[in-house]
Amino acid sequence: MSRQHDSREPKDWLQFAEADLASAEHVLSGQKPCPYWIVAYHAQQCAEKALKAFLISREQEYEYSHDLRLLMDSCEQAGADWVARVRPSEKIMTFSVVAKYPSRIRKVSKADAELAVRLARDVLNAVSGAIEHRKA
């Protein structure tokens, strides 16, 4: 279920998703030493918000969850034909928690961060394209 006060405008969610991705790319390209966990976290947030934007654009409720698999399943049920193409982004789901709090379990590498950004961009592009196509 969505939160009562969350925006019901897909463009608002896409704006936040784009800002998360821009933040991830900015940190990845500039700061030394790079906090890769921050990059991965923002990439995961981008994908999550983009998926929720799609569901909102289809007037669907969404789970208040970081579970990208669950959100993608919901998008498929709402008619998204692009989900299979972005399923690999499910692997960045762990960054919503692993990168959010200090952990001894898993460190985020540069390769992890770069992959997270690429996968988040794939999700954002797929969702943006689907929402724009529906408007046309």
Requested in this report: Please find, in a Gaussian network model of the chain (springs between Cα atoms separated by less than 10 Å), the residue of Glu48, Glu63, Glu90 whose mean-square fluctuation is greatest.
Outcome: Glu63
Query raised in the report: Most exposed first by the Cβ proxy, i.e. fewest other Cβ within 10 Å, how do Cys34, Cys75 rank?
Result: Cys34, Cys75
Report task. Determine the equivalent ellipsoid of the range 10-135 by diagonalising the alpha-carbon gyration tensor, then write out the semi-axes as square roots of 5 times the eigenvalues, largest first, rounded to whole Å. Result -> 25, 15, 12
Report summary line: Listed by chain and number, the aspartates and glutamates with an alpha carbon less than 15 angstrom from that of Lys110, same-chain partners under 8 positions apart left out, are Glu25
Report summary line: With no solvent term and unit scatterers on the alpha-carbon positions of the range 7-58, Debye gives log₁₀ I(q)/I(0) at q = 0.15, 0.26, 0.27 Å⁻¹ of -0.41, -0.84, -0.88
Query raised in the report: Taking a 29 Å limit on the Cα-Cα distance, which of the listed pairs Lys11/Lys107; Lys11/Lys32; Lys49/Lys107; Lys32/Lys52 fall beyond it?
Result: Lys11/Lys107; Lys11/Lys32; Lys32/Lys52
Query - Estimated 222 nm signal from helices in the chain, with DSSP H stretches of n ≥ 4 weighted -39500 (n - 2.57), rounded to 500 - result: -21000 deg cm²/dmol
Query raised in the report: Which of the DSSP-defined H helices in the chain satisfy a minimum axial length of 27 Å, computed from C-alpha atoms, and a minimum mean Kyte-Doolittle hydropathy of -0.5?
Result: 10-30, 36-57, 110-135
Report task. Could you work out which residue, out of Val39, Val27, Val123, moves most in a Gaussian network model of the chain, that is, has the largest mean-square fluctuation with Cα springs under 10 Å? Result -> Val27
Report summary line: When the chain is treated as a Gaussian network with springs between alpha carbons less than 10 Å apart, the largest mean-square fluctuation among Ser65, Ser57, Ser29 is found at Ser29
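Bear in mind these aren't lab numbers, they're just calculated from the coordinates by the rules spelled out. Note that this is a predicted model, so its numbers are computed, not measured. Backbone-built Cβ (ideal geometry, glycine too); neighbour counts: all protein chains shown.
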